[in-house]
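Each remark here refers to the structure printed beneath this line.
The values are calculated or read from the model by the stated rules, or taken from the named source; none is laboratory data. Bear in mind the structure is a predicted one, so any value in this text is a computation, not a measurement. Backbone-built Cβ (ideal geometry, glycine too); neighbour counts: all protein chains shown.
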Amino acid sequence: MDYRDLMKQAVEIRERAYTPYSGYQVGAALLSKSGKVYRGCNVENAAYSPGICAERTAFVKAVSEGEREFSAIAVIGGKAGGPLELAPPCGICRQVMREFCDPDTFEIVLGTGPEDLQIYTLSQLLPMSFGPENLKKQETV
């Protein structure tokens, strides 16, 4: 899939964000290795901590549908009614990505729209990460 198309989907889903407190809307479009796209937007809550980011919404939707392998995610944000802007994933979202994605090949597409893209690998945005392999039992000698 062309990353411009992936970013267009992130822009579209951003409009569904529920942000009555911050007014900052984020959209994410997650591309699975099977080729299916899962979209998510941020959803705020008056108690703040129960809110969820767009990226994690997309991952939760995908995982709940049985997907476990992913290629890329496009993320975009900005104040409601304002210009689109670069919206790098927060630390929690980066850690969720690390759970399911190869840090050296999974790509995070950022930008201000489909014609302005910046592409990073997860390892660039989350160096020296902690992942599932850190919890595997070590063989005894």
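So here's what we get for this one:
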quantity	calculated
Hey, Ala58 crowded, with 22+ Cβ neighbours inside 10 Å, at pLDDT 95 or above and not in a strand (DSSP E or B) or not	yes
Scope region 32-51; condition outside any strand (DSSP E or B) and surrounded by 21 or more Cβ atoms within 10 Å (Cβ to Cβ); matching residues	Asn42
Filter result for Ala62 (in contact (Cβ under 8 Å) with a residue 40 or more places away in the chain and not polar (S, T, N, Q))	no
Looking only at region 5-31, and only at residues there that are assigned to a strand (DSSP E or B) and over 12 Å from the mean Cα position of the chain (by Cα), the one that is surrounded by the most Cβ atoms within 10 Å (Cβ to Cβ)	Gln25
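Results for (1) hydroxyl-bearing (Ser, Thr, Tyr); (2) within 19 Å of Leu125 (Cα to Cα), shown as yes or no for each residue.
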position	(1), (2)
Ala17	no, no
Ala47	no, no
Pro50	no, no
Thr57	yes, no
Val63	no, no
Phe70	no, yes
Gln95	no, yes
Phe106	no, yes
